[in-house]
Amino acid sequence: MKLFALLVCAATLPAADLAITHATILDGTGAAPLRDATLLIHDGKVVAVRPKLKIPAGAQTIDASGKTVIPGLISAHSHVNGLKDLSVFARYGVTSVQSLGGPREIEFRDATATEQQSPGFTRSRLYIAGPIPTSKTAAEGRTAADAIAAAHTNFVKFRLDDNLGAGAEMPAEAYTAIIDEAHKKGMRVAVHVVYLRDAKAVLRLGADYIAHSVRDADLDAETIALLKHNHACYSPTLMREVSTFVYGDRPAFLSDPFFLRDADRGWLTQVNDPAFQAKIRADKSAQWYKDHLPQAMRNLRKAEDAGILVAMGTDTGPATRFQGYFEHLELEQMVKAGLTPMQALVAATKGSAQCLQIDQQVGTLTSGKWADFLILSANPLDDIANTRKLDSVYIAGTLMPRN
């Protein structure tokens with residue numbers, strides 16, 4: 001009988017190619033950490049996550065004693081300028097990226113779509129919004145939304161912004177048409193906003209994603225109610241604000257070895273140029289964003305406390321907004337705003353995945369999902385900056401190369 005029981009037990013062991021053992025595992029759901037736990041992976045996907053798992057014969061075993069495993073970070077708002085950016089994101093531990101608007105995104109998506117549905121690729125997963133409409137009439141708005149829908153992007157995204165009074169916003173008839181036509185075609189709509197009035201205007205029309213913080217006033221009861229009614233997500237992009245003013249002096253992160261290993265060399269030269277620093281110090285819009293960063297942080301806390309779906313994003317991609325690294329600084333800003341480290345991590349994993357509607361594939365370390373995960377040498381619940389203590393990155397169970 002004992003022999004029979006052992007044979008049955010062995011027969012029911014799941015297949016596994018890789019086992020990460022003796023780790024503290026944060027699965028991305030917000031549940032309590034699993035101590036001395038094992039993560040089993042087969043064919044690029046998670047098989048099981050729990051303590052005291054038996055290791056199937058033949059599985060490669062990696063002892064992660066003293067280390068912490070978390071899902072790969074997901075940026076719900078960045079911009080990809082070329083396919084090489086996806087390798088940079090991956091090396092920093094950002095394993096999925098929503099490129100929220102750009103002229104070549106459809107090309108990039110088509111070049112990567114097949115590979116990211118199978119194990120073995122070595123760059124971050126890519127999701128896109130495609131070209132950003134600049135419509136001035138209802139007819140132009142509908143035409144733009146139709147073209148984006150035909151390309152089957154993940155969002156239709158437009159900007160509702162007057163550049164702090166220096167320009168003109170998209171007319172209401174144009175953005176109303178974009179939202180209406182996109183929804184008719186089964187597309188969701190993301191909107192770049194600055195002001196509370198604009199967030200309300202697009203949410204009243206059914207917008208699905210507020211892609212920046214509201215920076216000028218508190219989120220009020222109506223806005224919170226609209227976000228909930230629309231099941232909309234909210235991405236604070238606090239590092240976008242920081243990037244406008246931080247180079248007026250020399251920020252400490254410019255000396256961080258973790259930052260420097262993959263930082264864009266051209267951008268590094270730019271931010272270290274005294275003339276550029278002086279320009280930033282004299283920039284009135286930079287000062288406005290600096291002054292309003294506390295407002296953006298308060299609104300993040302209000303959204304989180306109200307149960308709004310918060311998704312981590314940074315708006316990285318434009319020059320001097322360093323892809324991959326800024327996502328780690330975003331987590332620190334979110335904690336400074338009043339979120340717990342666990343809440344910030346959930347926003348950067350499960351929350352972003354839900355916002356992008358890819359949560360059946362990634363975002364948490366649960367059975368059947370792609371095995372996108374990070375091994376950290378310290379626990380981010382102790383200090384959110386520990387996400388920068390990155391030991392290794394896996395996408396679909398494949399170890400990412402260092403360079």
Inset, instruction - May I ask you to say which residue of ALA201, ALA221, ALA211 is within 27 Å of VAL88 (Cβ to Cβ) and modelled with pLDDT of 95 or more? - result: ALA211
Legend entry - So TYR234, is it buried (at least 21 other Cβ atoms within 10 Å of the Cβ), modelled with pLDDT of 95 or more and either under 26 Å from GLN357 (Cα atoms) or under 18 Å from the mean Cα position of the chain (by Cα) (or both): yes
Inset, instruction - Scan region 144-165 residue by residue and report those that are without any contact (Cβ under 8 Å) to a residue 40 or more places away in the chain and of a type in the set (A, V, I, L, M). - result: ALA144, ALA147, ILE148, ALA149, ALA150, VAL156
Inset, instruction - Name every residue in region 176-203 that is crowded, with 21+ Cβ neighbours inside 10 Å, under 26 Å from GLU241 (Cα atoms) and out of contact with any strand residue (DSSP E or B) (no Cβ under 9 Å at 6 or more places or on another chain), in order of residue number. - result: VAL194
Inset, instruction - Quickly run through region 232-261 and pick out the residues that are closer than 17 Å to THR314 by Cα, of a type outside the set (Gly, Ala, Ser) and in contact (Cβ under 8 Å) with a residue 60 or more places away in the chain. - result: CYS233, TYR234, PRO236, THR237, LEU238, MET239, ARG240, VAL242, TYR247, PHE253, PHE259
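Residues checked against (1) of a type outside the set (S, T, N, Q); (2) not in a helix (DSSP H, G or I):
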residue: ALA353; (1), (2): yes, no
residue: ASP359; (1), (2): yes, yes
residue: THR366; (1), (2): no, yes
residue: ILE375; (1), (2): yes, yes
residue: ALA385; (1), (2): yes, no
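Looking at ASP85, ASP27, ASP36, can you tell me which residue is surrounded by fewer than 18 Cβ atoms within 10 Å (Cβ to Cβ) and acidic (Asp, Glu)?
Details: ASP85 fails: surrounded by fewer than 18 Cβ atoms within 10 Å (Cβ to Cβ); ASP27 fails: surrounded by fewer than 18 Cβ atoms within 10 Å (Cβ to Cβ).
One residue alone meets the criteria, ASP36.
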Inset, instruction - Please give the number of the condition ALA319 fails out of (1) over 18 Å from the mean Cα position of the chain (by Cα); (2) over 27 Å from ASN81 (Cα atoms); (3) without any contact (Cβ under 8 Å) to a residue 60 or more places away in the chain; (4) part of a loop (DSSP other than H, G, I, E, B). - result: (2)
Inset, instruction - Restrict the check to region 193-209 and report whether at least one residue is closer than 28 Å to GLN361 by Cβ, in contact with a Gly (Cβ under 9 Å, 6 or more places away or on another chain), of a type outside the set (Lys, Arg) and in contact (Cβ under 8 Å) with a residue 24 or more places away in the chain. - result: no
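The values are calculated or read from the model by the stated rules, or taken from the named source; none is laboratory data. Here the structure is a predicted model, which means the values were calculated and not measured. Here Cβ is always computed from backbone atoms with ideal geometry, including for glycine, and neighbour counts include all displayed protein chains.
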